[in-house]
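Structure first, commentary second.
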Amino acid sequence: MTETRRGDAGGGNTDRRDAAGGEWEYVYRPRWMKKAAWVAIGIVLVIHVTFGLLLNISYTGVNVDWFDKLSLIGVGVVICGVILFLTRARLRLGPAGVGVLNLVSERVFTWDEITGMEYPENWFCARLLFPSDEHIPVMAIQARDGDLAVTAMERFREFHQKYAPTES
């Protein structure tokens, strides 16, 4: 299995264009995961700011100054930054292939490398299938998105049927 790795440029119209200038015809981002990540970020920030400000409410035998308080709040900010990676999940489809962005980097696969996509029982997300029983998760397509995830799977199958090479 070969793959092309490239960074996500982010912002603007770059979401629909690949490095070679080709168009992506379909882009899918999960809805539920983005909402859940923002709720988690809110909770983490509230907890860390509250405990950071209340760190020296009573004397426990240890001197606590503002640097300690800011450090605890800073830890919360770092955790929130890590949680933000969950909002990046994306699936892109086009004539050039399939782009799968899970957490950090996007991997682009050509249609001749892919054998299909499935949603296995007891899994949290769909997975892209390759020859020799290989697969990678597609975090963008999750059952919690309901009909939107079903539509994304259907669109993948349409594109696969349209662009995948026919076997003779």
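Once you sort the root eigenvalues of the Cα gyration tensor of the chain as a ≥ b ≥ c, which label holds: rounded (a/c under 1.5), prolate (a/b larger than b/c) or oblate (the other case)? It is prolate, given that a/c is not under 1.5 and a/b is the larger ratio. The H on the amide N of Tyr26, modeled in the peptide plane, is under 5 Å from the matching H of Leu93, each at least 5 residues off or on a different chain.
Give me the dipole magnitude in Debye, nearest 20, for the chain about the Cα centre, with unit charges on the beta carbon: positive for Lys and Arg, negative for Asp and Glu. Kindly include the intermediate steps, with their values, before the conclusion.
Numbers: 18 positive and 20 negative charges, 119 e Å.
The dipole of the chain has a size of about 580 debye.
Using the rule -39500 (n - 2.57) for each DSSP H run of four or more residues, divided by the residues of the chain, the 222 nm mean residue ellipticity is -12000 deg cm²/dmol.
Could you state the number of Å between the C-alpha centres of segment 138-168 and segment 89-124? Segment 89-124 and segment 138-168 have Cα centres separated by 9 Å. Helix 32-53 and the longest principal axis of the C-alpha atoms of the chain enclose an angle of approximately 10°.
Phi angles across segment 72-88 convert, under the Karplus curve 6.51 cos²θ - 1.76 cosθ + 1.60 with θ = phi - 60°, into 3J(HN,Hα) values of 5, 5, x, 4, x, 5, 5, 4, 5, x, 5, 4, 4, 4, 5, 7, 7 Hz, Gly and Pro given as x. Between the Cα long axis of helix 147-163 and the first principal axis of the chain there is an angle of about 40°, rounded to the nearest 10. A cut-off of 5 Å between modelled amide H atoms, ignoring neighbours fewer than 5 places along the same chain, links Ile136 with Leu128.
Scalar couplings 3J(HN,Hα) for segment 126-137, obtained by applying the Karplus form with A = 6.51, B = -1.76, C = 1.60 to θ = phi - 60°, are 6, 9, 8, 9, 10, x, 6, 6, 8, 7, 10, x Hz; x denotes Gly and Pro. Of Tyr59, Tyr28, Tyr163, the residue with the largest accessible area leads and the full order is Tyr59, Tyr163, Tyr28 (1.4 Å probe).
Net length available on complete extension from Ser71 to Thr110 is 9.4 nm, with 0.36 nm assigned per residue and the Cα-Cα distance removed.
The values are calculated or read from the model by the stated rules, or taken from the named source; none is laboratory data. Worth saying up front: this structure is predicted, and the values here are computed from it rather than measured. Methodologically, a virtual Cβ is constructed for each residue, glycine included, from the backbone with ideal geometry; neighbour enumeration extends over all protein chains shown. Each accessible area value is taken on the protein alone, full model and side chains, heavy atoms only, with ligands, DNA and RNA left out. Shrake-Rupley method; radii C 1.70, N 1.55, O 1.52, S 1.80 Å.
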